[in-house]
Each structure stands twice: as C-alpha cells, then as structure tokens.
1. Would the range 109-116 turn up any residue that is free of Cβ contacts under 8 Å to residues at least 40 places away in the same chain and either surrounded by 15 or more Cβ atoms within 10 Å (Cβ to Cβ) or of a type in the set (Phe, Trp, Tyr) (or both)?
2. Restricting to the range 136-173, name every residue that is closer than 29 Å to residue 206 by Cβ, touching a strand residue (DSSP E or B) at 6+ places or on another chain (Cβ under 6 Å) and of a type in the set (Ser, Thr, Tyr).
3. From the residues in the range 203-222 that are small (Gly, Ala, Ser) and at pLDDT below 95, which one is nearest to the chain's Cα centre (by Cα)?
4. Out of the residues in the range 35-55 that are touching a Ser or Thr at 6+ places or on another chain (Cβ under 8 Å) and of a type in the set (A, V, I, L, M, F, W, C), state the one that is surrounded by the fewest Cβ atoms within 10 Å (Cβ to Cβ).
5. Scan 171, 104, 122 and give me the residue that is of a type outside the set (Lys, Arg) and in contact with a Pro (Cβ under 6 Å, 6 or more places away or on another chain).
6. Need the failing condition index for residue 96 against (1) under 16 Å from residue 164 (Cα atoms); (2) surrounded by fewer than 14 Cβ atoms within 10 Å (Cβ to Cβ); (3) of a type in the set (Asp, Glu), just the number.
7. Among the residues of the range 58-85, write down those that are over 25 Å from residue 219 (Cα atoms) and either among the small types (Gly, Ala, Ser) or without any contact (Cβ under 8 Å) to a residue 60 or more places away in the chain (or both).
8. I'm checking my understanding of the structure. Among residues of the range 133-184 that are within 26 Å of residue 101 (Cβ to Cβ) and aromatic (Phe, Trp, Tyr), which one is modelled with the lowest pLDDT?
Amino acid sequence: MFKSVVVAAALVLGVGVAEARAQGVEAGVWYGWVFSDGVSLSSPILAGDGNVYDRVDPKDSSSFGASFGVHVAGGAELGFMYSRQFSKLQFGGTTDREVGDLNVDTYHGYFSYDFALGEGKVRPFALIGFGATNYSDVTATVLGVNRTLPGETQFSTTWAAGVKYFVTPHVGARAMVRWTPTYIKSDPGGWWCDPFWGCYLAGDPQYSNQFEISGGVTFRFAK
C-alpha cells in the first residue's frame, strides 16, 4: 500500500514539474494541533490490571506538515503533502491508559483551488487529497516486559479548507482546518437481505479520524 502511494505521489509531482515553468509553484509549512479518535474493539477486553478496555485511540497532540504544489490553471493546484502527528497510543475503557509514543504520518497527493479576493492578497482555498496514513510501531512495557506493537499503513483521504494572506507577492501566512479519515477495519454489521442478491453479512467500517487546526507560512513563485 505505502509503495503505491509513493508511486502515485511521484506521478503527481512529475506532471507538476512539467507545468512548473509555465504556471509557477507553491510550497508551505505549518504547525498545528490534532484532535484524534481511533476505533472500538470488537469485544471488550479484561486486562491484567483489572480494567476493561474497549477502545484504542491516538491521543490529541501537536503536528507539523509541509506541502509542495504546482499551479496548473487559474487557482487550481496539484501537489503532495506530508504531515506528522506526535501522539501516544491510548487504551480506553473503565480507565484511560497510555501505552507508548505513536507517530501518525500522512502522505497525500492533492488537488487544491484558491479563490482570490480583491487584489489577490486574501485567498480562501479548499483541498482534497488521496493517499495513506502510517501508524508507527509502539514500544510498551506490559507486566514488566518490553514489547513492540507493530505499526501499519492504511488508505486515507484528506479534506481541508483555509485562507492564505500574502504579505508580498511571494510570501504569505496560512490558516487551515483539515480532516483526515483513515479506514482501519470492518466489524460484522448484521445480515442484509434483498430479493435480487439474497442474504449476506454486511460489514460496519470503522475509521480513525484526525481533525487538525494549523497555521503556517506559504511561499509562491509565479511565472
């Protein structure tokens, strides 16, 4: 999965570079805060500490990110964005328990559109991206024994809106809100029946969500 995302991102950037001389490029960096949630367990677990746990979540935490895009026409932009959330893995239930440090990395090729106002200094924008979210390995001490919980990479989309304010034609400030839902698993959702396809067991998909609020700077180099 991750290899496919990297290849797709390379294709997006390859197209962008071909257009760069004619349309210009834009790069940005930001720092923010992420409100995260994870998924519920299929069935509650009675742990050795006497508590019952029924959820696994990344903890709300800070993040940073960077993007590089190419203006292809008008306010349209194609590019690639990366972000990292500095989180901790947390079990939830009758009590909350932090397990260990967890990095949540996102990789997305994106399409963005700027809506220029007035002389173009203020530019609201909207963005949609497709790619993957990687959850790092987590090292934890369980009953006095060091263990490593393996990470994984899953498909995700990202959706954002914000505003840029250009202090000069090439340098601006940016504020953004972004939602990144990541598919994690499907639980049995019950039997569904219809007169054409018969009866089948339907799945109930679960997503881990990141809601990010961020601010940063952007650099634009137009033709």
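1. Scanning the range 109-116 turns up at least one residue that is free of Cβ contacts under 8 Å to residues at least 40 places away in the same chain and either surrounded by 15 or more Cβ atoms within 10 Å (Cβ to Cβ) or of a type in the set (Phe, Trp, Tyr) (or both).
2. 136, 139, 148, 153, 156, 157, 158 - these are the residues of the range 136-173 that are closer than 29 Å to residue 206 by Cβ, touching a strand residue (DSSP E or B) at 6+ places or on another chain (Cβ under 6 Å) and of a type in the set (Ser, Thr, Tyr).
3. 208
4. Looking at residues that are touching a Ser or Thr at 6+ places or on another chain (Cβ under 8 Å) and of a type in the set (A, V, I, L, M, F, W, C), I get 52.
5. Being of a type outside the set (Lys, Arg) and in contact with a Pro (Cβ under 6 Å, 6 or more places away or on another chain) holds for just one of 171, 104, 122, which is 104.
6. It is condition (1) that residue 96 fails.
7. 59, 60, 61
8. 183
The values are calculated or read from the model by the stated rules, or taken from the named source; none is laboratory data. Keep in mind it's a predicted model, so treat the numbers as computed, not measured. Note: ideal-geometry Cβ built from the backbone for every residue, glycine included; neighbour counts use all protein chains shown.
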